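Here is the structure we will look at.
All of the numbers you see were taken from the coordinates with simple rules; none came from a lab. Since this is a predicted model, take the numbers as computed values, not measurements. When we count neighbours, we look across all protein chains shown, and the Cβ atoms used for this are built from the backbone with ideal geometry, even at glycine.
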Amino acid sequence: MSQAGMRARRVSKVETFIVTLPRDTPYLGPLGPGESVNERGYIVRKGNGTIYPTVDRSVAVRVTLDDGAHGWGETYGICAPRATCEIINELLAPVLLGRDPEDVEAIWDELYGLMRVRGCCGGFHGDAIAALDIALWDLRARGRGLPLSQLLDDGPLRPVPGYLSGLPAATLDQRVALARQWQDQGIDAFKFAAVVSHEGIQQEFAALRAALGEDADIMVDLHWKFDADAAVALGRSLLPYRPRFLEAPVKPELVGELADVCRAFPGLVAAGEEWYTEYEAALRLPAARLAYIQPEMGHTGITQFRRIAALGARHGALVAPHATIGTGIFLAASLHVSSTLPNLWKHEWQHSVFERNLALLDTDMGCERGVYRLPTGPGLGVTPGAAFWEHARLVA
């Protein structure tokens, strides 16, 4: 049915859920020297001063229309998830009631504008909007009986190759062995985390290059650890090992320093997982000539993910979408959008999370030999399964 022939459908209900899965090994790997779990169940990683939980956790949103149809969205919930739920339930859901999901992009702009005067341009507020945005796009595509990717682009879809992210083992020898195991299964692109390179970043890069050979793509996530001078010095020490990219070399607030690192290493710098909006991207890209931008669907939602990718294309950057902890709902959205991008490189594949957490959903989404299989069916092609409800808690 054409849009003109469709009866306007209105949002009648918004529900938020916290989904929690225990894990044996903390995200990024075992605890390092001087690291411990605090009384609230969080770790502060000494490598970058960032807080992480010891469980996998996300915030899922169900948006229901007056005709009974519902769509699903998801965002970050790894830290203080009730804060995101409160923003949705207290501030955003009442504004969303009665709206038509066909207006999803205008709704994103409106919800973002609600808190501009409060100084909330990202963080929990941005995450909350992202979850609702994904659910509205899911509803919009489901209303037409189309997969989201076909709603966005009726041409031939591009395959979505993945790169392996993270080597969660305690020692360098174990991390190298883990990479070799994945290479034997057909993986040809690997990213390791500087936060847990306890033996040294250069040493780890050298060991991986020696073990994986000259044809493997190897990247390092520097997790905003350095100032520009230190990042440039480290980058020069890594050049003999032919990095595909150096990710997040400096703190995201330091736009001038990011630009300095980009000038030192043209074609080698990646950043952007912490950007929520096109506004943040636009403040950085003219000066910082990034080779890769890394929008994170759990932060951006579909509307801003697409806008950031388009802005990156205008500045000559490839898109290497970030993918973090979640049930798979926002990952499905990320894959659908990625398949429509002419400037897609590869999509991050969090192998320590993906298969395990995917069991929460009813979907045929997968990843085989480093290539994602997009979910089929209308909308996102994912719905919560029985295991989801065993680990989900409604937050009223």
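Values for this structure:
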{"read-out": "Beta bridges by DSSP in the chain, antiparallel share as percent, to the nearest 5", "value": "60 percent"}
{"read-out": "Stretchable slack from LYS13 to ILE51, in nm (0.36 nm times residue separation minus alpha-carbon distance)", "value": "10.4 nm"}
{"read-out": "Computed Kirkwood radius, in angstrom, where 1/r is averaged over Cα pairs of the stretch 223-308", "value": "13.0 Å"}
{"read-out": "Alpha carbon centroid spacing (whole Å) that separates the stretch 233-286 from the stretch 37-78", "value": "26 Å"}
{"read-out": "Top positive-direction residue, dipole computed over the chain with Cβ charges, set HIS299, THR20, PRO384", "value": "HIS299"}
{"read-out": "Long-range Cα-Cα pairs in the chain (distance over 31 Å), rounded percent", "value": "34 percent"}
{"read-out": "Stretchable slack from ASN343 to GLU110, in nm (0.36 nm times residue separation minus alpha-carbon distance)", "value": "81.0 nm"}
{"read-out": "Cross-link reach list, aspartates and glutamates versus LYS13, counting only Cα pairs under 17 Å and skipping chain neighbours closer than eight places", "value": "ASP66, ASP67, GLU74, GLU86, GLU90, ASP100, GLU102, ASP103, ASP133, ASP138"}
{"read-out": "FRET efficiency, 1/(1 + (r/R0)^6) with R0 45 Å, evaluated for GLU355 and VAL117 via beta carbons", "value": "0.55"}
{"read-out": "Three-way shape label, the stretch 151-380, alpha-carbon gyration tensor, a/c 1.5", "value": "oblate"}
{"read-out": "Kirkwood Rh in Å, taken over all unlike Cα pairs in the stretch 310-396", "value": "14.0 Å"}
{"read-out": "FRET E, pair ALA230, ALA210, Förster distance 25 Å, beta-carbon r, rounded to 0.05", "value": "0.50"}
{"read-out": "FRET efficiency, ASP67 to ALA313 (Cβ-Cβ, R0 35 Å, nearest 0.05)", "value": "0.40"}
{"read-out": "Least to most buried among ILE134, ILE51, ILE201, ILE293 (fewest other Cβ within 10 Å first)", "value": "ILE51, ILE201, ILE293, ILE134"}
{"read-out": "Stretchable slack from ALA177 to LEU239, in nm (0.36 nm times residue separation minus alpha-carbon distance)", "value": "20.0 nm"}
{"read-out": "Spatially proximal lysines relative to LYS225 (Cα-Cα < 18 Å; intrachain offsets below 8 disregarded)", "value": "LYS46, LYS191, LYS251"}
{"read-out": "Relative contact order of the chain, pairs being alpha-carbon contacts under 8 Å that are 6 or more residues apart, as %", "value": "19 percent"}
{"read-out": "Distant-in-sequence amide H partners of LEU361 (H built 1.01 Å from N, under 5 Å)", "value": "GLY385"}
{"read-out": "Positive-end residue, the chain charge dipole about Cα centroid, Cβ charges, pick of GLN174, GLY267, SER36", "value": "GLY267"}
{"read-out": "With 5 Å bins from 0: P(r) over the stretch 177-247, alpha-carbon pairs, percent", "value": "3, 16, 30, 26, 15, 7, 2, 0"}
